[in-house]
Amino acid sequence: IIRACREMGIAAVAVYSEADRRSLHAQLADEALCIGPPAARDSYLSIERIVQAALQSGADAVHPGYGFLAENAEFARAVQLAGLAFIGPPPQAIEVMGDKGRSRALAQQAGVPVAPGYQGEDDDTVLAAQAAEIGYPLMVKAAAGGGGKGMRVVLQAEDLPEALAAARREALHAFGDQRLILERYVPRARHIEFQVLGDSRGNLVHLFERECSV
């Protein structure tokens, strides 16, 4: 990101925690500001401190990098409310894409094929009834977050209650949200992505397909 800014004649400001004072990004940037102690919750996860640092530096825009607050709609909204450009999707898109249930519903509304599944009221009794209708094997998934957390493959109905309880515990710990959805398990799936870029003027391009299964 810093190299790209430099090529375009844009000054780059880095933020770092006290533990990362000598890290590569802090050394490469034109300016580097400390935003707090080593604990991520007091530095890289502090929306207020990051926005304050951006304003203090006179920055025009904020690039969220990856991890931490990169896919946090509240952060994107705070950046925009501070009068800065957020380099990334609009907050509404982050909210929809960050919720697997809403993502599935949006895809269905757009006529995009999705695996058989269920998103909605996630009471265990309702989920058990929906699971029987979808059929086994199926995947229990946390509605929030990602990275494989809060996911369980269920091969038969007898294993569902334990899988639901385990997925809820993991999702609550990882994302603070224990809502679940169900999808038919596809054992030999391929994970294909299309990277899409858009600007504020309505121009959109995609970078072709990427085979993430590899």
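The values are calculated or read from the model by the stated rules, or taken from the named source; none is laboratory data. Please read all numbers here as calculations on a predicted model, not as lab measurements. Here Cβ is always computed from backbone atoms with ideal geometry, including for glycine, and neighbour counts include all displayed protein chains. For accessibility, only protein heavy atoms count, side chains too; no ligands or nucleic acids. Shrake-Rupley method; radii C 1.70, N 1.55, O 1.52, S 1.80 Å.
For the condition under 17 Å from the mean Cα position of the chain (by Cα), small (Gly, Ala, Ser) and either in a helix (DSSP H, G or I) or surrounded by 15 or more Cβ atoms within 10 Å (Cβ to Cβ) (or both), ALA105 does not qualify. The residue pairs whose first member lies in the range 4-19 and is touching a residue at least 12 places away in the same chain (Cβ under 8 Å), whose second member is open to solvent by 70 Å² or more (accessible area, probe 1.4 Å) and among the small types (Gly, Ala, Ser), and whose beta carbons are closer than 8 Å, counting only pairs six or more residues apart or on different chains, do not exist in this structure.
Out of the residues in the range 144-197 that are open to solvent by less than 70 Å² (accessible area, probe 1.4 Å) and touching a residue at least 60 places away in the same chain (Cβ under 8 Å), which is nearest to the chain's Cα centre (by Cα)? Step by step, filter the range 144-197, then rank; the result is ILE181. When the range 13-52 is filtered for residues that are in contact with a strand residue (DSSP E or B) (Cβ under 8 Å, 6 or more places away or on another chain), in a loop (DSSP other than H, G, I, E, B) and farther than 21 Å from ASN72 by Cβ, the ones remaining, listed by number, are ARG21, SER23, ALA29, ASP30. For the range 115-143, taking the residues that are aliphatic (A, V, I, L, M) and within 26 Å of TYR66 (Cβ to Cβ), the one that is most open to solvent (accessible area, probe 1.4 Å) is identified as MET139.
Only one of the listed residues (GLN56, GLN92) is exposed (fewer than 15 other Cβ atoms within 10 Å of the Cβ), at pLDDT below 95 and part of a helix (DSSP H, G or I). That residue is GLN92.
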